[in-house]
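J.: Quick one: structure below, then a few questions.
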């Protein structure tokens, strides 16, 4: 059994840890809110672009399905972008992601896959386990991502796809479903699924819309933007999930530290009481002996 | 206002502008396009340039870096990656960017075998920079 002094020390160190985890929880809360705000702010743009893609695809008709970015590539290989966090202490965020990654790899064991990695944790994990990491994106840090940088990533993926080496391009990221639910998801990035487009509203009969200069030119400009919004959105969702997960983990840690402090304090008090009683007995015993 | 059209400028970071205008000019790929109230539905691709509009008799400008404009239900939606009000443009930076782009173009034209892509990019950068300077010049009217 620990001595009173040791117990006091432990209570103190648990208290220190609690302070740290509480601070981290607060930081995560702030950042979470920031990423959520950005995700909400980016929505009108993404919706507008997606809407335009849908309406123009309707104008172009069936020809869309045969455009280069809408058909599978010539190559056999698959390219996958994995989005993890840079830092730990975010609960099961990364391990859930890696579990999904392993499952996906097992399911696609017959294919050669190249990986692009965003986030240090995934790189550490994957480089140790024989994943063919072709490229690690480190600059800017995931946390500092903005639309411009997301569009650079988007362009990179598109160029790889257009090189003809790949059959398709996938993105693995944690989809943000709710504050307590983040689902690691593999989403097909390229080729674009034409059937998923334009199902958004009933304005399909857009035959008499003026197009300047013409549908094909606009569409060619539109598709890169559309892909950019998808990357940006995936990255923002991953970040939101990460910070929601981190906040949750830190809250749990703080609560656990609270509980532990309570238990330790109980033991400490009992022990202290015991010692006092013992000392009293000694004194009383000593006094008896002297009499 | 009897004859007005809603002008909305949307970027990935926010809705930059949402106003009623009596006329709007967007920098289309093949030149500026004027839009008045009750314009027919239209979709156009934009070049980097000057978005110009008149609201309550006051003319105003904004730099847009490209993107699209869609006219639908008496609303002009300008969807662009980046936009700047004339007062917010860093003229010095834009001028320098223009210089850099010119240099790059000069080098590339001389150098044989440089990719067409690079030239296109430098040209786009040059155009963006020049349009920034142009729009910035409108602030002191």
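What follows draws every value from the coordinates through simple rules; no lab data is involved. Computed from a predicted model, the values in this text were never measured in an experiment. For neighbour counting, all protein chains shown are included, and Cβ atoms are generated from backbone atoms with ideal geometry for every residue, glycine included.
J.: By its C-alpha gyration tensor, with a ≥ b ≥ c as the square roots of the eigenvalues, how is region A:37-144 shaped: rounded for a/c under 1.5, else prolate for a/b larger than b/c, else oblate?
T.: oblate
J.: Follow-up question, since we're still on this one. Give the calculated FRET efficiency between residue A:47 and residue A:265 to the nearest 0.05, with a Förster radius of 56 Å applied to their Cβ-Cβ distance.
T.: Efficiency at R0 = 56 Å is approximately 0.55.
J.: Sort A:114, A:62 by Cβ crowding within 10 Å, fewest neighbours at the top.
T.: A:62, A:114
J.: How high is the relative contact order of chain A, in percent, counting Cα pairs under 8 Å that sit 6 or more residues apart?
T.: 33 percent.
J.: Rounded to the nearest 0.05, what FRET efficiency is calculated for residue A:291 and residue A:2 with R0 set to 30 Å and r the Cβ-Cβ distance?
T.: It comes out at approximately 0.25.
J.: For region A:58-150, calculate the relative contact order in percent as a whole number, restricting contacts to Cα pairs under 8 Å that are 6 or more residues apart.
T.: Result for region A:58-150 is 29 percent.
J.: What angle do you read, to the nearest 10 degrees and between 0 and 90, between the alpha-carbon axis of helix A:93-107 and the longest principal axis of chain A?
T.: The angle comes out at about 50 degrees.
J.: Also, quick follow-up: Which distance in nm do the two modelled labels at residue B:73 and residue A:107 give, with both placed 7 Å along the Cα-to-Cβ direction?
T.: It is 3.8 nm.
J.: Once the Cβ-Cβ distance between residue B:102 and residue A:196 is put in as r, and R0 is 56 Å, what FRET efficiency do you end up with, to the nearest 0.05?
T.: So, using R0 = 56 Å, E works out to roughly 0.85.
J.: Let me ask you something else. If each residue of separation counts as 0.36 nm, what is the full-extension length gain between residue A:99 and residue A:13 once their alpha-carbon separation is subtracted?
T.: Here the answer is 27.6 nm.
J.: Give the dimensionless ratio obtained when the Cα radius of gyration of region A:129-285 is divided by 2.2 N^0.38 Å.
T.: That ratio works out to 1.91.
J.: Taking only C-alpha pairs under 8 Å that are 6+ residues apart, what is the relative contact order of chain B in percent?
T.: 21
J.: Run lengths n ≥ 4 of DSSP H only: what is the helix-derived mean residue ellipticity at 222 nm for chain A, with -39500 (n - 2.57) per run over all residues, to the nearest 500?
T.: Theoretical 222 nm ellipticity from helices: -21500 deg cm²/dmol.
J.: By how many degrees, 0 to 90 and rounded to 10, does the Cα axis of helix A:4-60 deviate from the longest principal axis of chain A?
T.: The angle comes out at about 10 degrees.
J.: In addition: What shape does region A:114-162 take by its C-alpha gyration tensor, where a ≥ b ≥ c are the square roots of the eigenvalues and a/c under 1.5 counts as rounded, a/b above b/c as prolate, and the rest as oblate?
T.: Because a/c hits 1.5 or more and a/b fails to exceed b/c, region A:114-162 counts as oblate.
J.: Between residue A:163 and residue A:141, 0.36 nm times their residue separation minus their Cα-Cα distance comes to what?
T.: This chain segment gains 5.3 nm when fully extended.
J.: Hey, what's the Kirkwood Rh for chain B if you take every pair of different alpha carbons, in angstrom?
T.: Result for chain B stands at 15.9 Å.
J.: From the gyration tensor of the Cα coordinates in region A:31-246, what semi-axes in whole Å does the equivalent ellipsoid have, largest first, with each one equal to sqrt(5λ)?
T.: 31, 21, 14
J.: Using Cα atoms only, what is the angle between the long axis of helix A:147-162 and the major principal axis of chain A, expressed in degrees (0 to 90) to the nearest 10?
T.: Taking the Cα atoms of chain A, the angle to A:147-162 is about 60 degrees.
J.: Just the ratio, please: alpha-carbon radius of gyration of the protein assembly as shown over 2.2 N^0.38 Å, N its number of residues.
T.: Rounded to two decimals, the normalised Rg is 1.35.
J.: When the Cα atoms of region B:5-84 are enclosed in a convex hull and the volume is divided per residue, what value in Å³ results?
T.: 73
J.: A further question follows. Please arrange A:27, A:64 by counting, for each residue, the other beta carbons lying within 10 Å of its beta carbon, fewest first.
T.: Going from sparsest to densest Cβ surroundings: A:27, A:64.
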